[in-house]
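Only the coordinates and a few stated rules stand behind these numbers; no lab work does. Fair warning: this is a prediction, and the values are worked out from it, not measured in the lab. Here Cβ is always computed from backbone atoms with ideal geometry, including for glycine, and neighbour counts include all displayed protein chains.
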Amino acid sequence: MGVLRPRGIIASLRAAFAHDASREELLQLAADRIQQVGSPYTSVYLYMLHDSELVLEAWAGRETEHTRIPIGRGICGTAVATGADQNVADVREVPNYLACNLETRSELVVLIRRGAEILGQIDVDSDVVDPFTEEEHAAVRHVADALAVLL
């Protein structure tokens, strides 16, 4: 299983920003670099908050039909509604789970926030049950924090 090393990803994001990368390019770079770590990072979706819904703006891995998610719906919408990251060990145990893919077994949602304002989130899906440790969560949080500054 891969281990996410946020320093390299953040350095890439900062370099892209310094070369006038667009918001779209920064989000896609983050998605690509996280997903490239490999298992357990099967798919990575970056949803940004637009009024009362999350809108998919970048992704790497498997496609999803969930391009817009209302606040409060599914694990992603719950993260925004509660203002708290979500680390779900087994998505089959969540009644309001919105399946991006049938193979997904766990999900880590980390909010991208600037102070109290929620800008969006990094949604990581895995085909493995309970793979996201506190260290993995913290690593994704570092990437989310960097995006909050650069966007």
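Go through H50, N101, I34 and say which Cα lies farthest out towards the positive end of the charge dipole of the stretch 6-150; charges sit on Cβ, +1 for Lys and Arg, -1 for Asp and Glu.
Of the listed residues, the answer is H50.
Give me L13, L29 sorted ascending by neighbouring Cβ count inside 10 Å, so fewest comes first. Could you put the intermediate results ahead of the total?
On the way: L13 24, L29 20.
Ordered from fewest to most neighbouring Cβ atoms within 10 Å, L13, L29 come out as L29, L13.
Taking a spot 7 Å from the Cα of D90 along the direction of its beta carbon, which residues of the stretch 114-151 have an amide N less than 20 Å from it?
125-134
Defining a contact as two alpha carbons under 8 Å apart and six or more residues distant in sequence, what relative contact order in percent does the chain show? Numbers along the way, then the final one.
Numbers: 297 pairs, mean separation 36.4, N = 151.
The normalised contact order for the chain reaches 24 percent.
Mean shadow of the chain, computed from the convex hull of its alpha carbons, in nm²?
Numbers: hull surface 31.4 nm².
One quarter of the hull surface, i.e. the mean projection, equals 7.8 nm².
For the residues E53, E103, what sequence is obtained by ranking on other C-beta atoms within 10 Å, fewest first? Could you put the intermediate results ahead of the total?
Details: E53 16, E103 12.
The order, fewest Cβ neighbours first, is E103, E53.
Once you compute Rg and the Kirkwood Rh from C-alpha atoms, what is the Rg to Rh ratio for the stretch 30-82?
Values: Rg = 11.6 Å, Rh = 11.5 Å.
Rounded to two decimals, Rg over Rh is 1.00.
Round to the nearest 0.05 the FRET efficiency obtained for H19 and R114 when R0 = 22 Å and r is the Cβ-Cβ distance. Write down the numbers at each step before the final one.
Details: r = 22 Å, r/R0 = 1.01.
After rounding to 0.05, the efficiency reads 0.50.
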